Amino acid sequence: MENRNLTGVVTKGGDYGWVKSYSILFSKDNVIWNKLLDQNGQPKVFLANIDSDTIKKNYFPTPINARYMKIQPLKWHGA
């Protein structure tokens, strides 16, 4: 598998809860992980879902070239 240009994330809640906000980590080798930063150099916080049914799309300010990506939940509702 090779690196891809990642441009965003689509999330949706479930029957037992949903993520309200998250940050993104990405890696080319699954060893060194980088945080997606905002314009101030701080980890960018994405607002996510407000219920179990609504789909939420978040786009990155610029594409990320990586092989791996993690969504790190910061706030959530339910399980």
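The values are calculated or read from the model by the stated rules, or taken from the named source; none is laboratory data. Nothing here was measured: the structure is a model prediction, and the numbers come from that model. Here the Cβ positions follow ideal geometry from the backbone for every residue, glycine too, while neighbour counts run over all protein chains shown. SASA here: full protein model, heavy atoms, side chains in, ligands and nucleic acids out. Shrake-Rupley method; radii C 1.70, N 1.55, O 1.52, S 1.80 Å.
Taking N49, is it surrounded by 11 or more Cβ atoms within 10 Å (Cβ to Cβ), touching a Gly at 6+ places or on another chain (Cβ under 6 Å) and either among the polar types (S, T, N, Q) or modelled with pLDDT under 95 (or both)? Yes, satisfied. Does N58 meet the test of being more than 9 Å from the chain's Cα centre (by Cα), surrounded by 14 or more Cβ atoms within 10 Å (Cβ to Cβ) and within 14 Å of T11 (Cα to Cα)? So N58 fails the test. Hey, any hits in the range 9-31 for a residue that's open to solvent by less than 70 Å² (accessible area, probe 1.4 Å), assigned to a strand (DSSP E or B) and out of contact with any strand residue (DSSP E or B) (no Cβ under 6 Å at 6 or more places or on another chain)? Checked against the condition, which is being open to solvent by less than 70 Å² (accessible area, probe 1.4 Å), assigned to a strand (DSSP E or B) and out of contact with any strand residue (DSSP E or B) (no Cβ under 6 Å at 6 or more places or on another chain), the range 9-31 yields at least one hit.
In summary, P73 fulfils each of the numbered conditions (1) out of contact with any strand residue (DSSP E or B) (no Cβ under 6 Å at 6 or more places or on another chain); (2) part of a strand (DSSP E or B) with the single exception of condition (1).
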